[in-house]
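One structure below.
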Amino acid sequence: MPKNILAEMGSQVGLTPARQNKKEAEEWARRQSGPMVNPSFEPDDFLPQSLSPVKDEKKRPGDKGIFLVNMKEKNQQEVEEYEPYDNRVVEHPTTNTETLLHLLKGSLGTGILAMPHAFANSGYVVGTIGTIVIGVLCTYCIHVLIDACYVLCKRRKVPSMTYTAVAEAALSEGPDWCKACAPYAAHIVNAFLLIYQIGTCCVYVVFVSENIQYVLTKHFELNVTVVEVMLYILLPLVLINWVRDLKYLAPFSAIANAVTIVSFGIILYYIFREPPTLEGKLPAGKIGDFPLFFGTVLFALEAIGVILPLENEMKTPKAFVGKFGVLNLAMISIIILYVGMGLFGYLQYGSAAAGSITLNLPSQTETLASVVQCLLAFAIFITHGLACYVAIDILWNEYIGTRLLNSSYRLLWEYVLRTLIVLVTFGIAAAVPELDLFISLFGALCLSALGLAFPAFIQSCTYWYYVSDSERIRMIIKNAIVVLFGALGLVVGTWTSLEGIITKFSGGHHGHVVNATQAPDMNIYNETNLMP
């Protein structure tokens, strides 16, 4: 596992200095004798073991004495002199282009294929505006999270932090009631991340298996089941998840991006083969259907789990943010693609737009439509490694790897963990191959919290004692609005998924993932028989 990425900040993040010599002890006593600016800050009560260690070979021994200062006073010089980016030691740093590829692939998944259906629930005008607004809000929250991470790294003199470390450190600097929750923040964030990432991997396994099984049965006339296909791809999935460094996954992301672009090009060919028309299309959908649109777009756009890992691995992390930084370029591209796919897909298929636009393609009669399924299955298969990377990092660096530091079998146990995670995703997918409604439930719950509510809350705690009263009030109002958006996404996503699950198990309809191979044929059959 790379020693510089997710969750590797232990003793160096601790706020109680390592009193290894008399000089350091005297220096700490001198600092402690002065007034404490932050009334909620109690160094000895902070639990450094809840944060994981970071490899920082450039850190000087004297830097271990960490203390907070008032950012508006002259004694901030020592904090300001520390530059986290200059002190990072990354074994295999990624370039801006590689990071952009990772971010694009992490965001462009199966969610974009559901955008036409989302627009069918909102209308083409409301859908276009709503997707842009949600995309901008998600981008803003990512910037907020990265800014808080940078500020906290400067205060603690550490080169990088993970999402969990940022959450715990931020709460320790907030009001008293937030400080009481700080020791549990890391576990809460980890739980959300694990549920989302493992759930996403399960969806990928089902999606890939269903598409491959369709091609084998329809075009090669082989009698195979979906579970058998899962068994065929199990070993390749294990091998791709044995890649231990993001840098070595970059070529896979490049291939997946190229394949995805080609697939989208073919889908656009079918969308524009007959000119889309506004006839019969609504500019605004029913108010009751808008929650479905909101939940789908929020679930599709968010990629919060890979943001800090990608930024921590960069050769030039300053290029990640900024007006023309990697983040903004990626998110602008993603929003344009999502709006384009949703808008024109809806204008072509109208209210008949399926949960995945591939279900509207004439797969039964045209080989090219089946090629799209194969290409997207291949791209999603490659993406499984990136999606699983976060879950592996959390479990290994936060809970398991830290307990095996002196073990001679540490590397072996890491590969065992990687293999077990793949087997878990495979087992859940094989046992419940209709995972779309369940994963959308967990994804909506996790992403509205991780992508919207948590970053806003983290920013408020980070700057709570470092801004004026008027600035604090403005910050609270602004972040409260964002938290409400996150709560709305949580409630809407939960309601939408629960409704689908209840309908499914009451015998109302079959899940679209399971019947993905049959749906195109049924659509063609119905359309043929309805023609005058």
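Suppose we filter L450, L395, L420 for residues that are surrounded by fewer than 18 Cβ atoms within 10 Å (Cβ to Cβ) and of a type outside the set (K, R); which single one remains?
So the residue among L450, L395, L420 that is surrounded by fewer than 18 Cβ atoms within 10 Å (Cβ to Cβ) and of a type outside the set (K, R) is L420.
Results for (1) under 17 Å from the mean Cα position of the chain (by Cα); (2) hydrophobic (A, V, I, L, M, F, W, C), shown as yes or no for each residue.
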{"residue": "K286", "(1), (2)": "no, no"}
{"residue": "P291", "(1), (2)": "no, no"}
{"residue": "F299", "(1), (2)": "yes, yes"}
{"residue": "A303", "(1), (2)": "yes, yes"}
{"residue": "I307", "(1), (2)": "yes, yes"}
{"residue": "L337", "(1), (2)": "no, yes"}
{"residue": "L343", "(1), (2)": "no, yes"}
{"residue": "S351", "(1), (2)": "no, no"}
{"residue": "S356", "(1), (2)": "no, no"}
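Working only within the range 363-372, note down all residues that are open to solvent by 10 Å² or more (accessible area, probe 1.4 Å) and in contact (Cβ under 8 Å) with a residue 60 or more places away in the chain.
Listed by number, the residues that qualify are Q364, T365, T367, L368, V371.
Restricting to helices (runs of 4 or more DSSP H) lying wholly in the range 239-329: which have 3 or more residues that are at pLDDT 80 or above and open to solvent by 40 Å² or more (accessible area, probe 1.4 Å)?
Ranges flagged: 246-273.
Collect the residues in the range 203-223 that are surrounded by fewer than 15 Cβ atoms within 10 Å (Cβ to Cβ) and at pLDDT 80 or above, keeping them in residue-number order.
Answer for the range 203-223, where residues must be surrounded by fewer than 15 Cβ atoms within 10 Å (Cβ to Cβ) and at pLDDT 80 or above: L222, N223.
Assess whether P183 counts as being open to solvent by less than 30 Å² (accessible area, probe 1.4 Å) and out of contact with any Lys or Arg (no Cβ under 6 Å at 6 or more places or on another chain).
Answer is no for this residue.
If T139 satisfies all but one of (1) open to solvent by 10 Å² or more (accessible area, probe 1.4 Å); (2) within 22 Å of A182 (Cα to Cα), what's the number of the condition it fails?
That leaves (2) as the condition not met.
Here is a check on your reading of the model: is A148 in contact (Cβ under 8 Å) with a residue 60 or more places away in the chain, in a helix (DSSP H, G or I) and farther than 26 Å from T383 by Cβ?
So A148 passes the test.
If V514 satisfies every condition in (1) at pLDDT below 80; (2) in a helix (DSSP H, G or I); (3) touching an Asp or Glu at 6+ places or on another chain (Cβ under 6 Å) but one, which is the exception?
(2)
Yes or no: L171 in a helix (DSSP H, G or I), more than 30 Å from N360 (Cβ to Cβ) and of a type outside the set (S, T, Y)?
yes
Considering the range 490-510 alone, what residues qualify as being open to solvent by less than 90 Å² (accessible area, probe 1.4 Å) and modelled with pLDDT of 70 or more?
Those that are open to solvent by less than 90 Å² (accessible area, probe 1.4 Å) and modelled with pLDDT of 70 or more: L490, V492, G493, T494, T496, S497, L498, E499, G500, T503.
Within the range 90-131, track down each residue that is surrounded by fewer than 20 Cβ atoms within 10 Å (Cβ to Cβ), part of a helix (DSSP H, G or I) and of a type in the set (V, I, T).
Listed by number, the residues that qualify are T97, V125, V126, T128, I129.
For the range 404-479, which fully contained helices (runs of 4 or more DSSP H) count at least 2 residues that are modelled with pLDDT of 85 or more and β-branched (V, I, T)?
410-431, 454-462
The values are calculated or read from the model by the stated rules, or taken from the named source; none is laboratory data. This structure is a prediction, so every number in the text was calculated from the model and none was measured. Here the Cβ is made from the backbone with ideal geometry for all residues, glycine too, and neighbour counts use every protein chain on show. These area figures cover heavy atoms from the full protein model, side chains too; ligands, DNA and RNA do not enter into them. Shrake-Rupley method; radii C 1.70, N 1.55, O 1.52, S 1.80 Å.
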